[in-house]
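Reviewing the structure listed below.
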Amino acid sequence: MKEKLKNPVFLAFGPVVLTSILTILVDWIRKKPILTTLWIIVQWLYRKVINLLNFEIKVWWILIFLIVAVLALRIAVYIYDKIHPQEEPEYLKYTSDFIDGWELEWEWEKGPHNSYRITNFRPVCQYCGTSLAPKYGSHGPFKCFRCGNEYEKSWAGADIYKNIILESVYKKERSKKISGS
Ligand SMILES: [Zn+2]
């Protein structure tokens with residue numbers, strides 16, 4: 001085929017033959033009204049596509065489009081949240097406990113994917129509820145610097161107490177899921 005295309009006779013007459021075939025084809029199409037209509041539609045579509053591809057876009061159009069898109073998205077999320085309010089987990093009310101002889105208090109901080117973690121974890125005074133602080137620097141017995149009470153009992157470590165708290169939360173959540181309430 002390649003040899004045929006390179007043939008000088010073909011090169012000389014090829015375009016002429018092609019044009020002739022096209023002319024015959026176009027004439028034939030013109031004779032058929034339906035085909036003519038189709039041809040017009042094809043031409044029209046072709047022009048539309050070319051126009052669309054050549055369309056000059058102003059940068060500020062893109063900016064406005066982006067701003068509108070972001071606003072629309074935010075509104076959609078807001079409406080979605082209004083329709084489907086996220087129910088806060090029951091355990092967020094659980095912010096104090098008495099563990100290992102210590103009165104403990106903490107808060108829940110929202111993390112990613114609707115999870116919560118314990119924050120501001122501290123032992124508090126059993127007499128006045130004030131947060132306890134280590135008596136000497138960072139270690140050693142705790143002391144209430146409001147009422148002066150000292151707590152000499154052993155402190156297992158915040159992580160151990162936090163794990164106990166989380167464990168009881170998990171147990172409650174699991175039993176809730178099992179009972180389906
Ligand atoms: Zn106190």
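The values are calculated or read from the model by the stated rules, or taken from the named source; none is laboratory data. Computed from a predicted model, the values in this text were never measured in an experiment. Here the Cβ is made from the backbone with ideal geometry for all residues, glycine too, and neighbour counts use every protein chain on show.
Kindly indicate the residue of the stretch 40-73 that is aromatic (Phe, Trp, Tyr) and at pLDDT 85 or above and also surrounded by the fewest Cβ atoms within 10 Å (Cβ to Cβ) among those meeting that condition.
Result: Trp60.
Output the number of residues of the stretch 72-81 satisfying the condition of being of a type outside the set (Ser, Thr, Tyr) and closer than 17 Å to Asn114 by Cβ.
Total meeting the criteria: 2.
Within the stretch 92-99, can one find any residue that is touching a residue at least 60 places away in the same chain (Cβ under 8 Å), surrounded by 10 or more Cβ atoms within 10 Å (Cβ to Cβ) and out of contact with any strand residue (DSSP E or B) (no Cβ under 7 Å at 6 or more places or on another chain)?
Within the stretch 92-99 (the criterion being touching a residue at least 60 places away in the same chain (Cβ under 8 Å), surrounded by 10 or more Cβ atoms within 10 Å (Cβ to Cβ) and out of contact with any strand residue (DSSP E or B) (no Cβ under 7 Å at 6 or more places or on another chain)), the answer is yes, since at least one residue qualifies.
Determine if the stretch 103-117 includes at least one residue that is surrounded by 15 or more Cβ atoms within 10 Å (Cβ to Cβ), in contact (Cβ under 8 Å) with a residue 40 or more places away in the chain and part of a strand (DSSP E or B).
Taking every residue of the stretch 103-117 in turn, at least one turns out to be surrounded by 15 or more Cβ atoms within 10 Å (Cβ to Cβ), in contact (Cβ under 8 Å) with a residue 40 or more places away in the chain and part of a strand (DSSP E or B).
Going through the stretch 121-155 one residue at a time, which ones are surrounded by 14 or more Cβ atoms within 10 Å (Cβ to Cβ) and either away from the ligand (no atom under 16 Å from the Cβ) or not in a strand (DSSP E or B) (or both)?
The answer is Phe121, Cys125, Gln126, Thr130, Leu132, Cys144, Asn149, Trp155.
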